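Structure first, then comments.
The values are calculated or read from the model by the stated rules, or taken from the named source; none is laboratory data. This structure is a prediction, so every number in the text was calculated from the model and none was measured. Neighbour counts run over all protein chains shown; Cβ positions are idealised from the backbone, glycine included.
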Amino acid sequence: MILVRHGESEFNVRFAKTRTDPGLRDPGLTARGRTQIAEAAGFIADMPAAERPARIVTSPYTRALQSAEILAAHLTLPVEVDVQVREHAHFTCDIGTARSALARAWPAIVFDHLEEEWWPDHEDAESVSRRAAGFRGFAADLPDWPRTLVVSHWGFIRGLTRLEVPNAAVIRFDPMAPHPRGGALLRPVPAPDQSSAPGADFERTRGQYLPAPPAHATRPAGSS
């Protein structure tokens, strides 16, 4: 399985300027974020044919959907939505867009399985860890998991793999590995200087609310 973190969002840029939550709900990608994802798509397209994904599964947040849309256009892949891989709900950017509005914005993608308001008001660290472990069990049971690409977020990827990754990072993920492990960074994005890293402080702030999962954690009984 391939994990891709969404590209740089408008929230990241605004936070870098103010160092406070700017109150921007479900933000989209910046021009730079779109370029980051297009470059990630090129990297994935250059993988050996047997390793390239055959479908895309994405979080329903706008920044993830826009990233998935770019990846799908470059790789000619279908896109599905799975609320399991959404971000840790803590900041204003983690308030989503209603299912009906998403369906109008992306008519080629099916949203019928989502609740109209599919995002929680707030999640604690333990809830994110349980959700990540549940997704690991779900993914391990998919017959096509080696050929699936998942577009997700910093907090969820961290909860799933313990990796803290930059925008548009490409990660190889083995759902059969013990939780919360199994991730390997395939495409690290070079760290820019502080002035051009709009998301860095924001992600460190999110990290204060999402402690690293314990190294000894295992897949919960009954997960599938």
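Residue under question is Ala168, and the condition is that it be of a type in the set (A, V, I, L, M) and free of Cβ contacts under 8 Å to residues at least 12 places away in the same chain; does it hold?
Answer is no for this residue.
Sort out which residues of the range 58-88 are within 10 Å of the chain's Cα centre (by Cα) and part of a strand (DSSP E or B), and write them in order of number.
Once the filter is applied, which keeps residues that are within 10 Å of the chain's Cα centre (by Cα) and part of a strand (DSSP E or B), the range 58-88 yields only Thr58.
Return the only residue of Pro214, Pro166 being modelled with pLDDT under 50 and of a type outside the set (Asp, Glu).
Residue meeting the stated conditions: Pro214.
List pairs: first residue in the range 67-80 and touching a residue at least 12 places away in the same chain (Cβ under 8 Å) and within 14 Å of Leu29 (Cβ to Cβ), second residue part of a helix (DSSP H, G or I) and not aliphatic (A, V, I, L, M) anywhere in the structure, Cβ distance under 9 angstrom, at least six positions apart or on different chains.
Ser67/Gly33; Ser67/Arg34; Ser67/Gln36; Ile70/Arg34
Considering only residues that are small (Gly, Ala, Ser) and surrounded by fewer than 22 Cβ atoms within 10 Å (Cβ to Cβ), look in the range 75-107 and name the one that is modelled with the lowest pLDDT.
Here the residue is Ala89.
Which numbered condition in (1) in contact with a His (Cβ under 9 Å, 6 or more places away or on another chain); (2) more than 22 Å from Glu10 (Cβ to Cβ); (3) modelled with pLDDT of 95 or more is the only one that Ser129 fails?
It fails just one condition, (3).
Does the range 38-55 contain any residue that is of a type in the set (Lys, Arg) and part of a loop (DSSP other than H, G, I, E, B)?
Among the residues of the range 38-55, at least one is of a type in the set (Lys, Arg) and part of a loop (DSSP other than H, G, I, E, B), which makes the answer yes.
So which of Gly33, Gly7, Gly23 is in a loop (DSSP other than H, G, I, E, B), touching a residue at least 60 places away in the same chain (Cβ under 8 Å) and under 14 Å from the mean Cα position of the chain (by Cα)?
Gly7
Among the aromatic types (Phe, Trp, Tyr), closer than 27 Å to Met176 by Cβ and in a helix (DSSP H, G or I): does that describe Phe15?
no
Looking at the range 110-143, which of its residues are surrounded by 12 or more Cβ atoms within 10 Å (Cβ to Cβ) and either more than 23 Å from Trp154 (Cβ to Cβ) or among the small types (Gly, Ala, Ser) (or both)?
Result: Val110, Phe111, Ala125, Ser127, Ser129, Ala132, Ala133, Gly134, Gly137, Ala139, Ala140, Leu142.
Quick one: which residue in Arg32, Arg52 is modelled with pLDDT of 95 or more, closer than 23 Å to Ala184 by Cα and out of contact with any His (no Cβ under 9 Å at 6 or more places or on another chain)?
The unique qualifying residue is Arg52.
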